[in-house]
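Worksheet: the structure to be examined is printed underneath.
Rule-based calculations on the coordinates, nothing more; no lab input. Given the structure is predicted, the values throughout are model-derived calculations rather than measurements. In this analysis, Cβ positions are derived from the backbone assuming ideal geometry, glycine residues included, and neighbour counts consider all displayed protein chains.
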Amino acid sequence: MSFAVIQTGGKQYKVSTSEILKIERLNNEEGKTVEFKNVLFLNDDKITEIGNPNIQGAKVEATILKNIKNKTILVFKKRRRKNSRKKYGHRQPISLIRITKIFSKNGKLISQAGPQKQITKEIVKADQTRKKQMFEAKKTKIEEHKKIKKTLKKIEAKEEPSRKTKADETRKIQEKEAKNFQIEEKQRVKTMQEKAKLKAKKSDISKKKTIGKKKPLTTKKK
């Protein structure tokens, strides 16, 4: 963004196009164009120029919008032990200007302001109503979000006991299933042990029978 630094009325101002400034009172009438040739600094998107102290050939054009007085400044003077007090106000005369063009030292136009919008009472009222409507819409959105949160909290509070009861029921069912499974496992282990004992007994009986059926030893005659 291009801008310039100008000097007027013993003060320096940083200026860009389509900007409205308050400066010291100028002797020109309202609506006329003014040229400021005391340009100290110029900045463009590509080039920067520094004055020594001013940039020769560079200038800034502006239009005077109004010649008015600034806000009142209260001045109070007191002398102690003299019973003297003075209070008075001062309104500094100023000019409202709008920057329209910025020229470089070669007379090249750096930046130019667009057309100024006409401000009327109707436009101001429309802007105010639009801002109010936007503010009210934001308020209603926030209130709706709060209501939704409250309803969700109520629903959760109602559902919590039902959830707890369901969880307790499922836990009891799981405990019963675990107990049944343990009982079945014990029974299965017992049956397996009994079967193993029966097999061992049968094997012992069969061994005894085979020993009893063995032929007696016979001696051969010479």
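If we count every other residue with Cβ under 15 angstrom of Arg171's Cβ, Lys/Arg +1 and Asp/Glu -1, where does the sum land?
Once positives and negatives cancel, what remains is +2.
Pairs of alpha-carbon atoms within less than 8 angstrom and 6+ residues apart define the contacts here; what relative contact order does the chain have, in percent?
RCO, the chain: 16 percent.
Kindly express, to the nearest 10 degrees and within the range 0 to 90, the angle between helix 121-212's C-alpha long axis and the longest C-alpha principal axis of the chain.
Once rounded, one gets 10 degrees.
Computed on alpha carbon atoms, what radius of gyration and Dmax characterise segment 7-73, expressed in Å?
13.5, 43
Excluding same-chain residues fewer than 8 positions from Lys22, which lysines have a Cα within less than 20 Å of its Cα?
Lys11, Lys14, Lys32, Lys37, Lys59, Lys66, Lys69, Lys71, Lys101, Lys117
Taking segment 29-132, which GluC sites (Glu not before Pro) meet the DSSP loop condition and have no more than 15 other C-beta atoms within 10 Å?
Glu29, Glu30
Give the calculated FRET efficiency between Glu177 and Thr210 to the nearest 0.05, with a Förster radius of 35 Å applied to their Cβ-Cβ distance.
Once the sixth-power term is evaluated, E becomes 0.10.
How far apart, in nm, are the 7 Å Cα→Cβ label points at Gln56 and Asp168?
Roughly 9.9 nm, to one decimal.
Okay, helix-only estimate at 222 nm for the chain: each DSSP H run of n ≥ 4 adds -39500 (n - 2.57), divide by all residues, round to 500 deg cm²/dmol; what do you get?
Taken over the chain, the calculation gives -16000 deg cm²/dmol.
Mind pulling up the Rg/Rh value for the chain? Radius of gyration and Kirkwood radius, both on Cα.
A ratio of 1.77.
Could you put Ser16, Ser84 in order, starting from the residue whose Cβ has the fewest other Cβ atoms within 10 Å?
Fewest to most other Cβ atoms nearby, the residues stand as Ser84, Ser16.
With each label point set 7 Å from Cα along the Cα-Cβ vector, what nm distance links Lys117 and Thr33?
2.4
In the neighborhood of Thr191, defined by Cβ-to-Cβ distances under 15 Å, what is the net charge if each Lys or Arg adds +1 and each Asp or Glu adds -1?
Once positives and negatives cancel, what remains is +3.
In a shell of Cβ-Cβ distance under 12 Å around Thr140, excluding Thr140 itself, what net charge do Lys and Arg (+1) and Asp and Glu (-1) give?
Net local charge, Thr140 excluded: +2.
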